[in-house]
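Participant: Mind having a look at this structure? Questions to follow.
Since every read-out is calculated from the coordinates, none of them should be taken as a lab result. Quantities reported herein were computed from a predicted structural model and do not represent experimental measurements. So basically every Cβ, Gly included, is an ideal-geometry build from the backbone, and we count neighbours across all protein chains shown.
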Amino acid sequence: MERKFLPVSIALLTVSDTRVFENDKSGNLLEKKIYDCGHVLFDRKIVKDEIFDIQKISKTWINNSDVEVIISTGGTGLTGRDVSPEAFRSIFDKEIEGFGELFRFLSFKKIGTSTIQSRALAGVANGTYIFVLPGSPSACKDAWDEILLHQLDYRHKPCNFVEIMPRLLEKGAGRSGKS
């Protein structure tokens, strides 16, 4: 039996000290891909590279039952201002190690050993998927086209993230649940 497409509700966060919506190429690209695939853009924000500010916005979305996925772009490099992994890791209930590994594998094919500078990662917090992508439009395109497009599509086989969403808050899987 063929499965029907199930749109997911996605919040989009750009982490940058310099971007605004007009010049946020990665955020604009991801917003277009979200809409083009038939998903719902719940909210979109731009935040400075500050751990507290990233976490404040993210925790608001994590505690909103209407948000199923957060995609963050920016702040994954190695400079002193790049703090996205630190901000998100501390709020994950579980990290999805394979996401960063697969992203860097795919990226290696295009940019070679320069991919080692990326700290892209993903995890689950309070039943919400979180994907932390680099700020490069090319990296965001690759992450969407090669990973998220498939894993956020209920029809993708043999398995995908959407089909296990209802089970993310099973006993021992996370915190007390969305309120």
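Participant: What distance in nm separates the simple spin-label points at Leu78 and Glu50, each placed 7 Å from Cα in the Cβ direction?
Facilitator: Placing both labels 7 Å along Cα→Cβ, they lie 2.8 nm apart.
Participant: Would you tally the net charge around Phe5, using a Cβ to Cβ cut-off of less than 13 Å, leaving Phe5 out, and scoring K and R as +1, D and E as -1?
Facilitator: With Lys, Arg at +1 and Asp, Glu at -1, the neighbours total -1.
Participant: Let me ask something additional. Using a 10 angstrom cutoff on alpha carbons, build the Gaussian network for the chain and name the most mobile of Ser136, Ser26, Ser58.
Facilitator: Ser136
Participant: Could you list the residues of the stretch 127-142 with an amide nitrogen less than 19 Å from a label point located 7 Å from the Cα of Glu163 in the Cα-to-C-beta direction?
Facilitator: 129
Participant: Per residue of the chain, what 222 nm ellipticity follows from adding -39500 (n - 2.57) for every DSSP H run with n ≥ 4, rounded to the nearest 500?
Facilitator: Theoretical 222 nm ellipticity from helices: -8500 deg cm²/dmol.
Participant: Could the peptides 85-91, 124-130, 64-70, 108-114 be put in order, highest first, of the mean number of other beta-carbon atoms found within 10 Å of their residues?
Facilitator: 124-130, 64-70, 85-91, 108-114
Participant: Another question, if that's okay. Summing Lys, Arg as +1 and Asp, Glu as -1, what charge do residues with Cβ under 12 Å from the Cβ of Leu102 carry, Leu102 excluded?
Facilitator: With Lys, Arg at +1 and Asp, Glu at -1, the neighbours total -2.
Participant: Once label points are set 7 Å from the Cα along Cα→Cβ at both Glu22 and Arg89, what is their separation, rounded to one decimal in nm?
Facilitator: Here the modelled spin labels are 3.7 nm apart.
Participant: May I ask you to order 5-15, 147-157 by the average number of other C-beta atoms within 10 Å around their residues, highest value first?
Facilitator: Ranking the peptides 5-15, 147-157 by packing returns 5-15, 147-157.
Participant: Compute the length gained on full extension between Ile111 and Glu97: take 0.36 nm times their separation in residues and subtract their Cα-Cα distance, giving the result in nm to one decimal.
Facilitator: 2.9 nm
Participant: Still on this structure, I have one more. For the stretch 9-166, what does the alpha-carbon gyration tensor say about shape, rounded, prolate or oblate, given a ≥ b ≥ c as the root eigenvalues, a/c under 1.5 as rounded, and a/b over b/c as prolate?
Facilitator: rounded
Participant: Largest first and in whole Å, what are the equivalent-ellipsoid semi-axes of the stretch 78-179 based on the Cα gyration tensor, each being the root of 5 times an eigenvalue?
Facilitator: Whole-Å semi-axes of the equivalent ellipsoid: 25, 18, 10.
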